1. For ARG88, only one of the following conditions fails: (1) outside any strand (DSSP E or B); (2) touching a His at 6+ places or on another chain (Cβ under 9 Å). What is its number?
2. If you check LEU21 against the conditions, is it open to solvent by less than 30 Å² (accessible area, probe 1.4 Å), closer than 30 Å to GLY101 by Cα and either in a strand (DSSP E or B) or in contact (Cβ under 8 Å) with a residue 40 or more places away in the chain (or both)?
3. When you check SER38 against the structure, is it within 23 Å of CYS113 (Cβ to Cβ) and surrounded by fewer than 17 Cβ atoms within 10 Å (Cβ to Cβ), yes or no?
4. What are the pairs, 6+ residues apart or on separate chains, where a residue within region 83-97 that is open to solvent by 40 Å² or more (accessible area, probe 1.4 Å) has its Cβ under 9 Å from a residue that is at pLDDT 95 or above and of a type in the set (Phe, Trp, Tyr)?
5. Restricting region 83-106 to residues that are of a type in the set (D, E, K, R) and at pLDDT 95 or above, which is nearest to VAL68 (Cα to Cα)?
6. In contact (Cβ under 8 Å) with a residue 40 or more places away in the chain and outside any strand (DSSP E or B), is that true of GLY56?
Amino acid sequence: LSVTAFAAPRWDNIDDCNVALLFSGSTAKCNVIITGKSGTSMMRVTVYLQKVNANGGHTNVETWYEEVKGEKFRLNESVTGCASGEYRLYVNAMVYNSTGGSEGISEETFATC
C-alpha cells in the first residue's frame with residue numbers, strides 16, 4: 001500500500017512568517033518578517049515581547065503596531081534591561097489582499113534571558 005501526501009498551503013494570503021527572539025546578555029533582539037503573496041494590499045501587525053510568568057501567563061514588556069502597505073512587514077528591534085527568565089515574542093497580524101479578502105495569523109517563539 002502506497003500513500004502520497006501533499007502538504008496543504010498554510011495560509012491563503014501569506015507566503016511566509018518568520019519570528020525570531022534572541023538574547024545578548026539582558027538585551028532582547030526581536031525580529032519578524034511577514035511576506036504576503038502577490039496581491040497583498042496591506043498588513044496590520046502587532047508584535048508583543050512578553051515575559052512568561054510562573055503561572056504560565058504573560059506580562060507585556062514591549063508592544064509594536066504597524067500598518068504596512070504592500071507585501072512585506074519587517075520588525076528589527078532591541079529591548080534592553082530584560083530581567084532573567086523566559087520570554088515570548090508573539091505576533092498577531094491581519095493580512096488583506098487586493099480583492100478585499102483578509103486572513104489573520106498568530107505566531108510565537110520563546111527564548112530565555
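The values are calculated or read from the model by the stated rules, or taken from the named source; none is laboratory data. A quick note: this is a predicted structure, and the numbers were derived from the prediction, not measured. Every residue, glycine among them, receives a Cβ derived from its backbone with ideal geometry; neighbour counts consider all protein chains shown. Ligands, DNA and RNA are stripped out before the accessible areas are found, and what is left, the full protein with its side chains, is counted by its heavy atoms. Shrake-Rupley method; radii C 1.70, N 1.55, O 1.52, S 1.80 Å.
1. Result: ARG88 passes all but (1).
2. Taking the combined requirement at face value, the residue does not satisfy it.
3. no
4. If the second residue must be at pLDDT 95 or above and of a type in the set (Phe, Trp, Tyr), the pairs left are GLU86/PHE110; TYR90/TYR48; ASN92/TYR48.
5. Of all residues in region 83-106, those of a type in the set (D, E, K, R) come to 86, 88, 103.
From the residues that got through so far, the ones that are at pLDDT 95 or above too are 86, 88.
Working: GLU86: 30, ARG88: 23 Å.
Of everything passing the filter in region 83-106, ARG88 is nearest to VAL68 (Cα to Cα).
6. On the way: in contact (Cβ under 8 Å) with a residue 40 or more places away in the chain: no; outside any strand (DSSP E or B): yes.
Spelling it out, it is not the case that GLY56 is in contact (Cβ under 8 Å) with a residue 40 or more places away in the chain and outside any strand (DSSP E or B).
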